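Okay, so here's the structure we're looking at.
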Amino acid sequence: MTHEDKQAPEGDAPSRRKLLRAGLVLGPAVIAPMGFAGTSSAADPATGPSAGRAKDKPAVPPVEPSLTIHAIDTYHGATEAGLPFDLSVFRNGRYQLIEKFETLAGGRTKDPLLGREELRTGRYEIKLHLAEYFSRTATGLPKPGFLDEVPIRFLVTDATQHYHTAILFTPWNYSYYRGS
């Protein structure tokens, strides 16, 4: 009996993480190690995702260094225009305001918060004014609300990269991550 023929005893199935790391086929789609799509081996330079690419050229075009935001109102299903927020940088022991912003419909701003010339390494804070936003959107929430001003704090460690801050929020919770 080969390894492939053996069945794991009930309750002893391989973990999802092990299966994903090994790469497995789910219908027509392939989930491969290292997040590469396709059936080629990610580790094989002759057939992997870098095949045919010169070693000194990036896999994808470089993104302009900047800081952007996408704030998503998951309570309503879409962000209305006018979510107020502040961008600050940590200097001399405290956060100092750089600029005040408001989102467009959909939760983004027209331009990056910081472009190539303004983006520097350091500690930053985006402070969302959720109580003000939800009072404008006529949600019928009890007064006072649960969340008022929400600080999102993060580090910029390499000012040559693009930093996209994705924020999901409701009147009662929020989460955020570095997007792409």
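Over the range 73-180, the alpha carbon radius of gyration divided by the compact-protein estimate 2.2 N^0.38 Å works out to 1.10.
Loop-resident GluC sites (Glu not before Pro) (DSSP state other than H, G, I, E or B) in the range 120-180 with no more than 15 further Cβ atoms inside 10 Å of their Cβ are absent.
Entry for the range 123-180 at q = 0.15, 0.21, 0.24, 0.30 Å⁻¹: log10 I(q)/I(0) = -0.52, -0.82, -0.97, -1.29, Debye formula applied to identical alpha-carbon scatterers, no solvent contribution.
Kindly sort K127, K143, K100 by accessible area of their heavy atoms, largest first, with the probe set to 1.4 Å. The partial results should precede the final answer.
Working: K127 60, K143 160, K100 130 Å².
These residues rank, largest area first, as K143, K100, K127.
Between the beta carbons of N173 and I98, assuming R0 = 35 Å, the FRET efficiency works out to 0.85 to the nearest 0.05.
Where in the range 137-180 does the amide nitrogen come within less than 15 Å of the point 7 Å from the Cα of E118, taken along Cα to Cβ? Inside the label zone: 163-165. Across Y177, Y133, the residue with the most accessible area heads the list, and the full order at a 1.4 Å probe is Y177, Y133. For the range 61-118, treating each Cα as an identical point scatterer without solvent, what Debye log10 I(q)/I(0) comes out at q = 0.13, 0.27 1/Å? Reported log10 I(q)/I(0), two decimals: -0.42, -1.08.
What's the carbon and sulfur percent of the range 133-180's accessible surface, probe 1.4 angstrom, rounded to a whole number? Let's see the in-between values first.
Values: 1640 of 2960 Å².
Solvent-exposed carbon and sulfur of the range 133-180 make up 55 percent of the total.
In this structure, D111 and K143 have a Cβ-Cβ separation that, at R0 = 25 Å, corresponds to a calculated FRET efficiency of about 0.15.
The values are calculated or read from the model by the stated rules, or taken from the named source; none is laboratory data. Predicted, not measured: the structure shown is a model, and the values here were computed from it. Quick reminder, even Gly has a Cβ in these numbers, built from the backbone with ideal geometry, and neighbours come from all protein chains shown. Quick note on the areas: whole protein, heavy atoms, side chains included, nothing else; ligands and nucleic acids left out. Shrake-Rupley method; radii C 1.70, N 1.55, O 1.52, S 1.80 Å.
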